[in-house]
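So the structure is just underneath, and the comments pick up after that.
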Amino acid sequence: MTPASDGNTHRPTGMAPRLLELADELRREGMAVGTSELLDAFEALRAVSWADQAEFREAIAATLAKSQEDLRLLELVFDRFFFRAVEREAVGRGLKEGAKRKGVERMDLDELRDRIRDALRDGSDGELRDLARLAIAAFGRQGEGSGVIGVDVQRIRRTLALKGESRRAEPQDRESVPRERLRQFEGHVRRELERELIERTESLAPARPLRDLDRALPTGPAQDLAAVHRVVAGLRRRLATHGREHRGRSRSSVVDVRRTMRHSLQTGGVPLDLRYRPRRPRRPELYVLCDVSTSVTSASVFFLSVLHALHDSFRRLRSFVFVERISEVSDVFERERSFAAVSRAIAGDAGVADVSGYTDYGRVWLEFLDGVVDDLDHRSTVIVLGDARTNGREPHARVFSKVAARAGRTFWMNPEPRLYWNYGDSVMAAYEPYCTGVFECWTTKHLEAFVNALTAQR
Amino acid sequence: MVESILSPVSVDFVSIEETQTALTGAGYLAGGSTALVCYLAQRLGKPVLVEGPAGVGKTELAKALSRATGRSLIRLQCYEGLDEAKALYEWNYRKQLLRIQVEASDAGWQEVKDDIFGEEFLLARPLLTAISEERPVVLLIDEIDKTDQEFEAMLLEVLSDFQISIPELGVVQARSQPLVLLTSNNSRELTEALKRRCLYLWLDYPDVERELEIVHLHAPDLEESVARKLVEVVQMVRDLDLKKPPSIAESIDWARALLLLGAENVDEEVLRRTMSIIVKHRTDLDMVAERVGVKLTDGLIGSRPAG
């Protein structure tokens, strides 16, 4: 997949439009690519050889990407983009990957499986690609193709009985293969499937934007807790330094009478210079309620670690977890420093009152109102982390409104995309009017928006 | 270092491979895109913004670049409250005052003014020094994320046009173009304006093989098997959720310490005694002893063959 497929490697005439298209696509995905960056990219491409895909890609990355997130995005977009560019050429010129693969017919599934497993351990990228094609061919013979690429990839993987190493597994396990490589292999399979589809239909499906979920928070139970934690660690740092940039830049509007009078002594008691009271960053008193039921399993790992981070950053913070009933876990967070220990304690002996395993929001409000409401005042902020799915039970929105009325501010973070709210047993609409703000929260971006709202000054 | 008589430019890289070799020669094993970005930085004359976790060798990269190119290194350590007077230039008030006293009262206002706002009375701070050197230097602006946004804005002029405006004196143009590295631990978001002017380089912890090479480079006498085990332990420790994960420099330190102690194996005993070299927090120490020490006893580390 050389970028300049038509062979003019001297002048970037054929390349320039491609690069501009790439930039366009990146912009559509939300990356800020300015003209100056593009100029840099062209300049950089003049300095590296195009024959090497890695160098080409890195030169683009160094000039266009400006953060770790950008790098990740670029990685996702880059492959897709140049794959499509090449395929478009091929369709345009009526090229086909002729000659059906020979010798494939002979190989049975077990042998293929072993070869793929070996290649995953220490094969080259090219080898993986070839094997991906073989796997598709073998799979096609079984006649199980669903026609949906994403589904087929997973089926092929299952047929081959490939599983990734669990993170801390002992390396002795012969069956498992390195995760990173497995992902590469899946990428190859996906690309080859796409290629076949394009060949069959002789047309290119319209480009879709990256699914947001591809970029979403790694919250799936299979995914790493460490990844979640890295996100939150960044958040914690930002919380720690937040508000600093506001200090000094905008003056508060409250006149400090005492200091003004004092200062006026220099001018004979005439207050020429007004002194203002400095603005203090808001350190709210937080009450966080976190849903840990099964309907939010994947999100609650993430939420717990957010809670964990918040505990480090805010001194006055009380946290509660609930499923059917509510229980306070502030002391667990204070006692345990490591996140793993916290989640173990909460799952185990912190006594999450969980009889049926179904969330009962109404009951939670009643209990919360009962136990805590006297402590709530206008300085306190209540944050609810949950999907507002009551399993058909009474939502008790009126009770919630009482809680919201007592507290200064009430925020709701919902781990589901806004689209799903109020469908099925979700009663988000019942609670929404009483909240200061409701947020969908399933990517880091959402989380940041929330943190900004939380730490904003009134 | 390399002396060039005619041209003020010292060693310049002409290819990516050469950059890589030169950096290796300077004791820095550049991984991934590092060499490429350094090469581009020099070719395009653009500053590089280096980000990554603490202890992956961001600052060291600047030092290595200075060694590899034979340029001298000028370092500006950033901190909260850093201002122009400490980063750019400052007027030497005392000297100015002396000058005025010597002139006494008979000199005219204009003469004195022209006189005391001359270069003689200017105290150059790192940034001004960097661009007014005859021979190009490597300029390291360390931990740029510690400063406030106002300071970043001030940097823009230096970084994109390589000039500094001094109101009393006019614009000071660069005599030579420094190779600029900015490092950041990402403790706050940098402004778009600054990022736009930089190439971006993300450094991460190296994988086992690369770290092994690094350890080899700096502690060549350490036995292969010990070194491998050491690196594996360090990587495992990094995977734990520690307050401060061990940096590359610390694994090198540890390797040297093991060499001094004449350790022939990294077992639980050795780990317990020397752990404090790589782990620097009370709570972290406990966790490492608990998690990693046990595995060492069971022989779970080091049993995996190369690759």
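A few remarks follow.
- Residue that is farthest from A:Arg335 (Cα to Cα) [pool: residues in the range B:259-293 that are within 14 Å of another protein chain (Cβ to nearest Cβ), exposed (fewer than 15 other Cβ atoms within 10 Å of the Cβ) and free of Cβ contacts under 8 Å to residues at least 24 places away in the same chain]: B:Glu290
- Here B:Leu122 fulfils each of the conditions (1) free of Cβ contacts under 8 Å to residues at least 40 places away in the same chain; (2) farther than 18 Å from B:Cys78 by Cα apart from (1).
- Selection count, the range B:175-191, where residues are touching a residue at least 40 places away in the same chain (Cβ under 8 Å) and out of contact with any strand residue (DSSP E or B) (no Cβ under 6 Å at 6 or more places or on another chain): 8
- Test: residue in the range B:97-116 that is more than 13 Å from chain A (Cβ to nearest Cβ), in a strand (DSSP E or B), surrounded by 19 or more Cβ atoms within 10 Å (Cβ to Cβ) and out of contact with any Pro (no Cβ under 7 Å at 6 or more places or on another chain): no
- The number of residues in the range B:220-250 being of a type in the set (S, T, N, Q) and within 14 Å of chain A (Cβ to nearest Cβ) comes to 1.
- Test set (1) touching a helix residue (DSSP H, G or I) at 6+ places or on another chain (Cβ under 6 Å); (2) under 25 Å from B:Leu65 (Cβ atoms) - B:Pro220 fails condition number: (1)
- Single condition A:Glu43 does not satisfy, out of (1) under 28 Å from the mean Cα position of the chain (by Cα); (2) crowded, with 16+ Cβ neighbours inside 10 Å; (3) free of Cβ contacts under 8 Å to residues at least 40 places away in the same chain: (1)
- Within the range A:38-53, the set of residues being assigned to a helix (DSSP H, G or I), farther than 18 Å from B:Thr19 by Cα and hydrophobic (A, V, I, L, M, F, W, C) comprises A:Leu38, A:Leu39, A:Ala41, A:Phe42.
- Matching option when the condition is at pLDDT below 80, under 28 Å from the mean Cα position of the chain (by Cα) and assigned to a helix (DSSP H, G or I), among A:Phe82, A:Phe78, A:Phe56: A:Phe82
- For B:Ala68, the requirement of being more than 12 Å from the chain's Cα centre (by Cα), more than 14 Å from chain A (Cβ to nearest Cβ) and farther than 19 Å from B:Val215 by Cα is met.
- Test: residue in the range A:85-98 that is closer than 16 Å to A:Leu19 by Cα, modelled with pLDDT of 75 or more and either more than 8 Å from chain B (Cβ to nearest Cβ) or part of a helix (DSSP H, G or I) (or both): no
- When B:Leu155, B:Leu139, B:Leu159 are checked against the criterion of being within 13 Å of chain A (Cβ to nearest Cβ) and either out of contact with any Phe, Trp or Tyr (no Cβ under 9 Å at 6 or more places or on another chain) or among the polar types (S, T, N, Q) (or both), B:Leu159 stands alone in meeting it.
- The single condition among (1) assigned to a loop (DSSP other than H, G, I, E, B); (2) modelled with pLDDT of 85 or more that B:Ser303 does not satisfy is (2).
- When residues in the range B:173-201 are screened for being in contact with a helix residue (DSSP H, G or I) (Cβ under 7 Å, 6 or more places away or on another chain) and either more than 9 Å from chain A (Cβ to nearest Cβ) or not polar (S, T, N, Q) (or both), 19 of them pass.
- B:Tyr205 satisfies every condition listed in (1) farther than 30 Å from B:Arg256 by Cβ; (2) touching a Pro at 6+ places or on another chain (Cβ under 8 Å); (3) of a type in the set (Ser, Thr, Tyr) except (1).
- Look at the range A:361-376: where a residue is buried (at least 21 other Cβ atoms within 10 Å of the Cβ) and a partner is in a helix (DSSP H, G or I) and of a type in the set (Val, Ile, Thr), sitting 6+ places away or on another chain with Cβ atoms under 8 Å, you get A:Trp365/A:Val399; A:Trp365/A:Val403; A:Phe368/A:Val403; A:Leu376/A:Val403.
Here's the yes/no breakdown for (1) at pLDDT below 75; (2) within 28 Å of the chain's Cα centre (by Cα); (3) basic (Lys, Arg):
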residue: A:Met261; (1), (2), (3): no, no, no
residue: A:Arg283; (1), (2), (3): yes, yes, yes
residue: A:Asp291; (1), (2), (3): no, yes, no
residue: A:Ser298; (1), (2), (3): yes, yes, no
residue: A:Ser319; (1), (2), (3): no, yes, no
residue: A:Glu336; (1), (2), (3): yes, yes, no
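- Among residues of the range B:32-55 being crowded, with 21+ Cβ neighbours inside 10 Å and assigned to a loop (DSSP other than H, G, I, E, B), the one that is farthest from the other protein chains (Cβ to nearest Cβ) is B:Pro47.
- Scanning the range A:62-71 for residues that are at the interface with another protein chain (Cβ under 7 Å from one of its Cβ atoms) and either among the charged types (D, E, K, R) or surrounded by 24 or more Cβ atoms within 10 Å (Cβ to Cβ) (or both) yields A:Ala62, A:Thr63, A:Ala65, A:Lys66.
Residue-wise test of (1) over 19 Å from the mean Cα position of the chain (by Cα); (2) surrounded by fewer than 20 Cβ atoms within 10 Å (Cβ to Cβ); (3) modelled with pLDDT of 90 or more.
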| residue | (1), (2), (3) |
| --- | --- |
| B:Gln173 | yes, yes, no |
| B:Ser176 | yes, yes, no |
| B:Ser187 | no, yes, no |
| B:Glu232 | yes, no, no |
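The values are calculated or read from the model by the stated rules, or taken from the named source; none is laboratory data. Remember, it's a predicted structure, so these values are computed and weren't measured experimentally. Note: ideal-geometry Cβ built from the backbone for every residue, glycine included; neighbour counts use all protein chains shown.
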